[in-house]
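The values are calculated or read from the model by the stated rules, or taken from the named source; none is laboratory data. Predicted, not measured: the structure shown is a model, and the values here were computed from it. Heads up, the Cβs are rebuilt from the backbone with ideal geometry, glycines too, and the neighbour counts pull from every protein chain shown. The accessibility values were calculated without ligands, DNA or RNA, using every heavy atom of the protein model including side chains. Shrake-Rupley method; radii C 1.70, N 1.55, O 1.52, S 1.80 Å.
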Amino acid sequence: MTTLISKLPFRQKFLLIVVLGFGFFIFFCSATDALSNDVINTLITGYSFGVPFLLLGFSTEIDLNSTKIFLIWVATSIVLFAFSLMINNSDKFLTHRGADFDYSSSFNAAMSRHSTSGLKSLLYFLIVYWILNQLTKKLTGYSLVNTFM
């Protein structure tokens with residue numbers, strides 16, 4: 001395991017440390033009530049969408065063509081997905097809406113009541129990326145994200 005981590009590009013090591021470190025920080029604050037539930041829910045929402053954005057929005061996406069790196073991110077996303085399922089119905093992670101929020105609206109009805117539902121987004125992103133990458137390789141012979149190597 002240590003040789004796998006030592007062979008990772010620096011950008012992947014850095015992103016993994018940031019993602020895992022911030023995830024453990026949120027988990028610690030949630031377990032110890034170090035922060036209010038509203039702050040924790042805000043952090044979880046930002047974390048849920050920030051992780052796929054950081055992976056997609058920078059040069060770290062190029063590394064997803066490597067099976068080892070892709071599997072590391074899939075394992076991370078499965079942990080987040082499982083965590084989301086385990087605490088899905090916890091009142092601690094309820095998102096409080098304003099008094100004017102219309103729950104009967106079709107758009108608003110699709111929104112989750114729990115902040116942890118966004119933790120599933122990384123797994124969804126990776127599944128779509130893998131499908132599109134395989135399809136692109138089959139049709140063009142190139143990866144979805146060209147590494148120019």
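Could you tell me whether any residue of the stretch 76-95 is under 30 Å from Lys137 (Cα atoms), modelled with pLDDT of 90 or more, buried (at least 16 other Cβ atoms within 10 Å of the Cβ) and of a type outside the set (A, V, I, L, M, F, W, C)?
Scanning the stretch 76-95 turns up at least one residue that is under 30 Å from Lys137 (Cα atoms), modelled with pLDDT of 90 or more, buried (at least 16 other Cβ atoms within 10 Å of the Cβ) and of a type outside the set (A, V, I, L, M, F, W, C).
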Can you spot a residue in the stretch 2-11 that is in a helix (DSSP H, G or I), open to solvent by 70 Å² or more (accessible area, probe 1.4 Å) and within 23 Å of Ile131 (Cα to Cα)? no
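Let's see how each residue does on (1) in a helix (DSSP H, G or I); (2) open to solvent by 50 Å² or more (accessible area, probe 1.4 Å); (3) modelled with pLDDT of 70 or more:
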| position | (1), (2), (3) |
| --- | --- |
| Gly46 | yes, no, yes |
| Ile72 | yes, no, yes |
| Lys120 | yes, no, yes |
| Lys137 | yes, yes, yes |
| Met149 | no, yes, no |
Residues located in the stretch 25-34, provided they are among the hydrophobic types (A, V, I, L, M, F, W, C) and either touching a Lys or Arg at 6+ places or on another chain (Cβ under 8 Å) or under 16 Å from Ile87 (Cβ atoms) (or both): Ile26, Phe27, Phe28, Cys29, Ala31
